[in-house]
1. In a shell of Cβ-Cβ distance under 11 Å around A25, excluding A25 itself, what net charge do Lys and Arg (+1) and Asp and Glu (-1) give?
2. Over the chain, what is the relative contact order in percent, taking alpha-carbon pairs closer than 8 angstrom and at least six residues apart?
3. Summing +1 for each Lys or Arg and -1 for each Asp or Glu, what net charge is found among the other residues whose Cβ lies under 15 Å from the Cβ of Y83?
4. Once Rh is set to the Kirkwood radius over Cα pairs, what Stokes-Einstein translational diffusion coefficient, in µm²/s, holds for segment 2-93 at a temperature of 4 °C and a viscosity of 1.567 mPa s?
5. Running a GNM on the chain with Cα contacts under 10 Å, which residue among G34, G65, G13 ends up with the highest mean-square fluctuation?
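The numbers here are math on the coordinates, done by the rules we state, and not lab data. Everything quoted here is computed from the prediction, not taken from an experiment. So basically every Cβ, Gly included, is an ideal-geometry build from the backbone, and we count neighbours across all protein chains shown.
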Amino acid sequence: MILEQAVLPVIAGRETEFEAAFDEARHIIASMPGFGGLTLSRCLERPSGYLLLVTWETLEDHTEGFRGSAEYREWRALLHHFYDPFPVVEHYETVLTA
């Protein structure tokens, strides 16, 4: 299982609009092969900051499957105009758990 992490810097004052758009967009990503689940959290110290965690079966399910799909273009149209600056996305593999 791969964990995708993205810190989403939403333009201040557009948080409610972003959350509504994300509510629509989550159905897009959830329909993709290899998708395992997601969590969107809002930062308490920076209310326009969000943390997106997505689990994928493989890295390629995200980087090639989702990002290379027609559905990703719809995702991008719904969400990418909310970010300033554009988020950095990283992928993690579990080493230890407790």
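1. Summing Lys/Arg as +1 and Asp/Glu as -1 gives -3.
2. Values: 152 pairs, mean separation 45.5, N = 98.
So the answer I get is 46 percent.
3. Spelling it out: positives minus negatives among the neighbours equals 0.
4. 97
5. Taking springs between Cα atoms under 10 Å, the residue moving most is G13.
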